[in-house]
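Worksheet: the structure to be examined is printed underneath.
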Amino acid sequence: MAWATPQFTKGAVDRAGRVLANSLATPEELNEALIVINNWRSSHSFPLNTMQVGLRRRARQVDPEALVAQRIKRLSSIEAKLRRFDKMMLSRMQDIGGARAVVGSVSKVRELVALYQSSDLKHKLVGIDDYIAAPQSSGYRGIHLVYRYYSDKSSTYNGLQIELQLRSPLQHAWATAVETVGTFLKQALKASQGHAEWLRFFSLMGSALAIREKTALVPGTPSSHRELTRELRRAAKSLDVSRRLESYGAALRTLEDPSATGGDFFLLALNPSEGTVSITGYTRAKLEQATSDYLNAYIGGLGHAFRRHQHEERYS
C-alpha cells in the first residue's frame, strides 16, 4: 500500500492549524486548511503503524492478553485542542498519532514502561507523563510515552511524534466511559469541558478506581473512602448514570456486528440524537480512500454547522 507522506512545510501546517482554530475563518479558508491538515494527519500513519507493532510485541511480553490499538487523532479533537491551547502549534502536537496498550494491572503497566526505558529503540523518547502517580484533576490515569520517530534508512517521517498510552483495564474503562458520554452529550468531557456534574462524577470515579488499584487519588476529591462513596452515589443517582451508560452502550454495540469485521480501517459516523452508528470498513490498500471519505464527512459537518450558525444570526 502507498503510505501518505508530508507534502507541506511545518510552517504551512501551523498556519493551517491557526485557521482551523479561528471561529471567524471562512468556508473557503477552512477547506484550504483542511487539505494541509489532513495530509499532516495521514502522514503519521506509517510511523504510527511501526510504533504500534513494537508496542504490541512488548505489551504481550508482560501480558499475553494485552489489548493494543492505534488511531489518528480526529479533526474535531485537533480543532478542540488548538482552541483550548491557543499557543500550541499543530506541527508540535504530540498525539496526532497514538497507540494504546491495555494490560492486566498497574504493575504490568509499569513493567511495560520499564521495557521501553531499557530498550535500544532508535526513536527518541521525548517525554513521559505518569498520570498514575499524579492523576489529572479530570480523573484520568495512565502513563504516556512520547517518541520522536527516526529511521536511518529513510528520513521521510523523521521527527514526527507518536504517543503511546499505557493503561490498566480499570483506567481504560474510565477513559472509554468519559469519551462515550461526552460524545453522546456533545461535550468535551475528556478535555475537562462541559457539564459540571458529569465532570465531578468522573473525577470522583477516578479516585474510586484508584483506591481499588491502591494508587494516588485524584486531586480535589475526598480522601475519606466513606465521604467519597457518599458523594459518588449522590452524583450517580442525580445523573442517572447506570441507565444512560446502558443506553449509550446499546447504541454502540453496532461495532460488535460481524458485518463490521474484515477491514483494517473503519469510518464511524455517530448520530447522537438517534443513538445510531454507521460503519464503513476499508482494507489497507484503500487507506487513501478512507482518508478522503473522512475529510469529506468532516467538511460536510462543518457545512451543516456553518449553515446553522448563519440561520441563527439571521433570526436572532
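Just so it is clear, none of the values below were taken in a lab; they were calculated from the coordinates. Computed from a prediction, not measured in an experiment: that's the story for all the values here. Heads up, the Cβs are rebuilt from the backbone with ideal geometry, glycines too, and the neighbour counts pull from every protein chain shown.
Charged neighbours of Ala4, selected by a Cβ distance under 9 Å, balance to 0 (K, R count +1; D, E count -1). In order along region 210-215, the Karplus-derived 3J(HN,Hα) couplings, from 6.51 cos²θ - 1.76 cosθ + 1.60 at θ = phi - 60°, round to 5, 4, 4, 9, 6, 10 Hz, and Gly and Pro are given as x. Between the amide H of Ser105 and any residue lying 5 or more places away or on another chain, no distance stays under 5 Å, with hydrogens modeled in the peptide plane. The loop-placed GluC sites (Glu not before Pro) in region 10-108, going by DSSP, that have at most 15 neighbouring Cβ atoms within 10 Å of their Cβ come out as Glu65. Residues whose amide H comes within less than 5 Å of that of Lys124, counting only those at least five positions distant or on another chain, are Arg148, Tyr150 (H built at 1.01 Å from N in the peptide plane). Amide H contacts of Gly142: Tyr131, Ile132, each under 5 Å away and 5 or more positions distant or on a separate chain (H built 1.01 Å from N in the peptide plane; Pro and chain starts excluded). Loop-located trypsin sites (Lys or Arg not before Pro) across region 43-105 with a Cβ neighbour count of 10 or fewer within 10 Å are Lys87, with loop assigned by DSSP.
Of the options Gly98, Ala191, Leu209, report the single residue whose Cα projects farthest towards the positive end of the charge dipole of region 10-309 (beta-carbon charges: Lys, Arg +1; Asp, Glu -1). Going by the Cα projections, it comes out as Leu209. Per-residue Cβ neighbour counts within 10 Å put Phe202, Phe85 in the sequence Phe85, Phe202, beginning with the fewest. Its Cα centre serving as origin, region 10-309 has a Cβ charge dipole (Lys and Arg +1, Asp and Glu -1) of approximately 540 debye. Listed from fewest to most Cβ neighbours within 10 Å, the set Asp86, Asp120, Asp130 follows the order Asp120, Asp86, Asp130. Other residues within the sphere of radius under 13 Å centred on the Cβ of Gln165, judged by their own Cβ, net out at +1 (K and R +1, D and E -1). Neighbours of Leu232, meaning other residues whose beta-carbon lies under 13 angstrom from its beta-carbon, give a summed charge of +4 when Lys and Arg score +1 and Asp and Glu score -1. Listed by Cβ neighbour count within 10 Å, with the fewest neighbours leading, Asp152, Asp95 appear as Asp152, Asp95.
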